[in-house]
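Input: a single structure, listed below in structure tokens.
The values are calculated or read from the model by the stated rules, or taken from the named source; none is laboratory data. This is a predicted model, so every value here is computed, not measured. Please note: Cβ atoms are built from the backbone with ideal geometry, for glycine as well, and neighbour counts cover all protein chains shown.
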Amino acid sequence: MSDMPFPETPRVDALDKVRGRPIFGADDARPGLLHAALAMATIGKGRITALETKAASAVRGVRLVLTHENIGAVKSAGFLMAGGYGFQSFQPMLSPAIAHRGQYIALIAADTLEAAIEAAHRVKASYAAEPHSVTLDAPGTETVNQADTPLNKFLPEIHAGDADEAFADASVKIEAVFNCPPQHQNPIELIATVAEWQGDKLVIHEGTQNAEGIRHGVVTALGLEPEQVEVISPFAGGGFGQKNSLQMQTVLAAVAARRTGRPVKLVVPRAGVFHDASFRPASRHHIRLGADKSGKMLAAIHEVDAQTSRHDLFPGEYAATSSRLYGYQNFRGVERLVRTDVQTPGYMRAPFEHAACFAMESCVDELAYALGQDPVALRLANDTAIDPATKLPFSSRHVAECLRRGAERFGWSKRSMPPHSMRGEDGSQIGWGVAIGAYPGIIVPAIAHLKVTDDGDVVISIGGHEMGQGIRTALANAVGRKLGVPAERVTAVIGDTRAAPQHVTAGSWGTASAIPAAEDAADAMLVALAKLSPGDIVGRSPAQVLKTAGRSSLEVEVQKKAPGQPDAIFGRLRSGLPSIGGPVYGSYVTFSYIAHFVEVRIEPGTRRVRVPRVVSVADCGRVMSPRTAASQVRGGVVWGIGASLREVSEVDPRYGGFLNADLAEYVLPVNADIGSIDVEFIDKPDTTFNRAGAKGLGEVSMTGVAPAIANAVFHATGRRLRDLPIRIEHLL
Ligand code: MOS
């Protein structure tokens, strides 16, 4: 039955989703549920001097007003990137301290949501305000060189050769500074927790990318045993990095449920997504790129100043990707962190790679113009099979093919090189731009449990979280294909700490981590079935083999880790700690790549920028699930357009926090902003990386879109724009 051709199912949960069947965290509506609302700080920094809660308690139906004065023994669960579980180390409501505007200061639990909201408005705080700094250049910030912190142990600086000397000697030099704003991911599913105590056991329903992290985070915060906590998250309505760790409301909901003896549902309103969840930090990039007269890249230097919070160092990894774009002979990358008075920033789709590629790929375009070379030809000439940072080979790299196929599909040969040389029939300025993007190839450990029954059902229990990207479909197809069972009969139990240890699903490693482990489990099952069966099992389903053998079911378990990881990694996995392997794997380095070709049209009068068409060709190894993969790329391109032309979390230095904290004022692209997005895959398996041959796709898809747009805007107008988002006022 192994490896029989089998029709792929495009999306196993599609029918259920359109019928509203999947239960998301906040869909829980059982009788007896209390509803919670939050009161938030109205100063930029300082501390609470007095908190008046009597009026809140007096609202009819209010069961609890929780504040720092009555919360009891609760600890911070620690910061994800410093050995803890939270998106930040600062757990609000444990003291009168206010770290940033919009921080939670009270939680109300009430019989109805209306009563909870009403009471939250009646909480009155008095504060002692302190000066705050919320932008990279504000007085009062503190800049830390990442190499001088403990982060250097796992995120070293990138140093290859002597980039400064080579840059000084280069005959063609490009030097420029780029600014990327803070931005917030806004999944349609709001951050929400339902917490329920069943005796000594705490059950949490929450859409998350990290069920195990929430579990162990709550254990740490409340002083529980891991056996006492279960986290259930079959679906998340979008994550994008925001839901990759314990968030600050979960512990509060758990305390409220324990205090009231009732299940508590807490939905963080949209504004809380801006004020109290992680975000893409502001970053500034100083690039120096040197080449010889033929265009050979001799040196690149990438220095970054990125925003972090006062209480945590959110590590920067920008140069880790910019250093892997071309065969530069010398490279130097530096990450500096600027402490500001905000919640700790975090991972937001292609957190570093989007900004790093914007900066470097804009400079590469500038280099092409300085040399008078075609931007595609310059990129092809600087392609490499060897990673400049480590001198190791790439396990696979098809950048040249992405560029060639993309140029062909786009019609690049019809482009005229000089800026503002192409016009539409309506007089609009046309610009054609190109850029590549890259994202590290990462694998995390997984433990897979596979069960087949004589009625034909197959259940794969494994670490992984479904946020709409299609991991459940990829798992069902992979296991079904191996066992000769239709994907519809394969149930993937994921996002559930009762089923298997749940490593955080992020960093585009979900498929490359879960699928090889699931395929190993299916192979182990085939071996176990063969042992049960006197004859050949080819052509017989697992259920038929079981029936003949008189067995009702059969189970196997396998574990799999990244190449080079020690066995102790499974202990970390079970403890809910990030256990990330790669992108450097001893004898090779793995990255995914993409090339984007973009057309912009700029109206001569209004200077409105449109993006009527994009061609994107991705190198993500083997494509595991064609429909969801193409959908990932289109989503990444749409986000790239948003990140380049629309999105910014506005900051007023006088007040702190973020001003445009809703979907009306945080401007996103809409359907009318998106034209044709033509997606193609190289689809060459990288079996050095893993047996399935899959590399990551979710995040690489958005990298390189911003510079392709900025380069197209230059081609249309002759203007180099180095600050995102690019706006009409920059083109007047
Ligand atoms: Mo992603 S930003 O690594 O969840």
Scanning segment 485-503 residue by residue, those of a type in the set (A, V, I, L, M, F, W, C) and under 21 Å from the mean Cα position of the chain (by Cα) turn out to be Ile494
Check on Asn690, more than 24 Å from Gly441 (Cα to Cα) and either polar (S, T, N, Q) or assigned to a strand (DSSP E or B) (or both): no
May I ask you to verify whether Ser587 is among the polar types (S, T, N, Q), in contact with an Asp or Glu (Cβ under 9 Å, 6 or more places away or on another chain) and either within 19 Å of Glu680 (Cα to Cα) or in contact (Cβ under 8 Å) with a residue 60 or more places away in the chain (or both)? no
Identify the residue in segment 544-587 that is hydroxyl-bearing (Ser, Thr, Tyr) and buried (at least 18 other Cβ atoms within 10 Å of the Cβ) and, among all such residues, is farthest from the chain's Cα centre (by Cα). Tyr585
Any hit, segment 626-633, residues being touching a Gly at 6+ places or on another chain (Cβ under 7 Å) and assigned to a loop (DSSP other than H, G, I, E, B): no
Is it the case that some residue within segment 156-166 is outside any strand (DSSP E or B), at pLDDT below 95, more than 28 Å from Glu650 (Cα to Cα) and more than 16 Å from the ligand (Cβ to nearest atom)? yes
Which numbered condition Ser322 misses (of (1) out of contact with any Cys (no Cβ under 8 Å at 6 or more places or on another chain); (2) away from the ligand (no atom under 16 Å from the Cβ)): (1)
Of all residues being over 20 Å from Val399 (Cα atoms) and away from the ligand (no atom under 16 Å from the Cβ) in segment 344-377, which is surrounded by the most Cβ atoms within 10 Å (Cβ to Cβ)? Just the residue, please. Tyr369
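Just checking: which of the strands (runs of 3 or more DSSP E) contained wholly in segment 58-152 hold 2 or more residues that are surrounded by fewer than 17 Cβ atoms within 10 Å (Cβ to Cβ)?
Output list reads 124-129, 142-145.
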If I filter segment 687-699 for residues that are under 15 Å from Val600 (Cα atoms) and over 24 Å from the mean Cα position of the chain (by Cα), do I get at least one hit? no
Index of the failed condition, Ala176 passing every other in (1) closer than 30 Å to Val667 by Cα; (2) in a loop (DSSP other than H, G, I, E, B): (2)
Name the pairs whose Cβ atoms lie under 8 Å apart, with the first residue in segment 493-514 and within 16 Å of Pro234 (Cα to Cα), the second among the hydrophobic types (A, V, I, L, M, F, W, C) and within 9 Å of the ligand (Cβ to nearest atom), and 6 or more positions between them or separate chains? Thr505/Met467
Applying the selection to segment 630-666, what residues are of a type in the set (Gly, Ala, Ser), out of contact with any helix residue (DSSP H, G or I) (no Cβ under 8 Å at 6 or more places or on another chain) and closer than 13 Å to His100 by Cβ? Gly656
So the strands (runs of 3 or more DSSP E) completely within segment 219-307 holding 2 or more residues that are closer than 29 Å to Ser575 by Cα and away from the ligand (no atom under 16 Å from the Cβ) are 229-232, 264-267
Considering residues that are farther than 28 Å from Phe274 by Cβ and either touching a residue at least 12 places away in the same chain (Cβ under 8 Å) or crowded, with 18+ Cβ neighbours inside 10 Å (or both), the number found within segment 197-225 is 8
